[in-house]
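Have a look at the structure below before the remarks.
Read the figures in this text as sums done on the coordinates, not as results from a lab. What you see is a predicted model, and the numbers here were worked out from it, not measured in a lab. Note: ideal-geometry Cβ built from the backbone for every residue, glycine included; neighbour counts use all protein chains shown.
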Amino acid sequence: MAVPVGLNVWSRLVEATFPYLDSTAAPFESLWFPDHVQYTGHKVAEGWSLLAWAMARYPEKLCGHEVLCNSFRNPAHLAKMAATLQALSGGRLVLGIGAGWNEEEYRAYGWPFPSTRVRIAQLAEALELIRAMWTQAPAHYKGEYYQVDGAYCEPRPQPRPPIMVGGHGERYLLRVVARHADWWNYPFRALEPYAQKQEALKSHCRDVGRDYDEIHQVVRVGVLIGENGREVERIKARPDTRPLADIPLIGTPDQVTETLLAIVARGARRLTVNFADVPRPEGTWLFAATVLPRLREA
């Protein structure tokens, strides 16, 4: 079976987001968006607004976030937002969500910033509440952090969107994945850490009685691609190239393909890619022409 490959975009593109996607999105199976409100004074686009625009602009694409910050939205309201968008889009939503991490955003916008463990516990409750909103009429839920009482989410989403949990913390976050996620979103750094995280997830699945293989693994990879070594070095040196700390996969089409196929061999069921040279489209075009055909044959 061919490996589905989605295109991920950077929140700093803002008004360049859709001109870039208009010229690059066609060969990709799905589109994926960030969720930030600020960092270090840069322009950033709000995540749900990006998603709603994209759902209307690209009516053939599956769409979601990698990933929403649970703290930014009341989870009952988010369940309703997702249900509405699922109805309007004809069932093309994946609800990608995580615990949040960027303290700057919380402090600037007035959101409480509890410990990582508390934010992950809040995420777990939010997922339980969202499922209740999608399956009960009316919904009732009482947790430590969130409650609803007699809440209606009509129309309920049909089909129910997959819930994709993003993150890789071995002790707590991956336990939430084991308990609550349909899909797991992992930000790739290298093959060895990915294998280690998979083993941690397997352990949590055994503990909670979950079939590890039923969790759909979605691996997100930052890519810098050039036709040859000299072109790779030229792109790396350009001042408008994305910081390479965000880009773990750098190389020629053969090198990029080899690594992505190794990720698939490790168990990834779906890949998403973002490119170091955006909003320039050349790297995305080169990937689509040279790497996508080989992944479709995998």
Inset, instruction - May I ask you to list the GluC sites (Glu not before Pro) in segment 94-195 that are in a DSSP loop and have at most 16 other Cβ atoms within 10 Å of their Cβ? - result: 144, 170
Inset, instruction - Give the longest segment of the chain that steers clear of trypsin sites (Lys or Arg not before Pro) in DSSP loops with at most 16 neighbouring Cβ atoms within 10 Å, not counting the sites themselves. - result: 44-170
Inset, instruction - Considering Cα pairs under 8 angstrom that are at least six residues apart, work out the relative contact order of the chain and quote it in whole percent. - result: 18
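What ranking do 32, 48 get, fewest neighbouring Cβ atoms within 10 angstrom at the top? Could you put the intermediate results ahead of the total?
Numbers: 32 27, 48 17.
By the 10 Å Cβ count, ascending, the order reads 48, 32.
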Inset, instruction - Among the GluC sites (Glu not before Pro) in segment 1-84, which ones are in a DSSP loop with at most 10 other Cβ atoms within 10 Å of the Cβ? Mind listing them? - result: 60
Inset, instruction - Starting with the fewest neighbours, write out 174, 88 ranked by other beta-carbon atoms found within 10 Å of each beta-carbon. - result: 88, 174
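Below 8 Å, C-alpha to C-alpha, sequence gap of six or more: please give me the relative contact order for segment 8-48 in percent.
On the way: 42 pairs, mean separation 20.9, N = 41.
The value is 51 percent.
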Inset, instruction - State, as an integer percentage, the relative contact order of segment 221-274 based on alpha-carbon contacts under 8 Å between residues 6 or more apart. - result: 47
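Normalise the Cα radius of gyration of segment 1-87 by 2.2 N^0.38 Å (N = residues in it) and let me know the number. All intermediate terms of the calculation are to be shown ahead of the outcome.
Values: Rg = 13.4 Å, N = 87, 2.2 N^0.38 = 12.0 Å.
That ratio works out to 1.11.
Counting each DSSP H run of 4 or more residues in the chain as -39500 (n - 2.57), what helix-only mean residue ellipticity at 222 nm follows after dividing by all residues, to the nearest 500 deg cm²/dmol? The partial results should precede the final answer.
On the way: 11 runs with 123 residues, N = 298.
About -12500 deg cm²/dmol.
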Legend entry - Whole-Å distance, taken between Cα centres, linking segment 1-37 and segment 88-166: 23
Legend entry - Rounded, prolate or oblate (a/c below 1.5 giving rounded, otherwise prolate when a/b exceeds b/c) for segment 1-158 by Cα gyration tensor: oblate
Legend entry - Cα-based Rg of segment 190-298 normalised by 2.2 N^0.38 Å, two decimals: 1.21
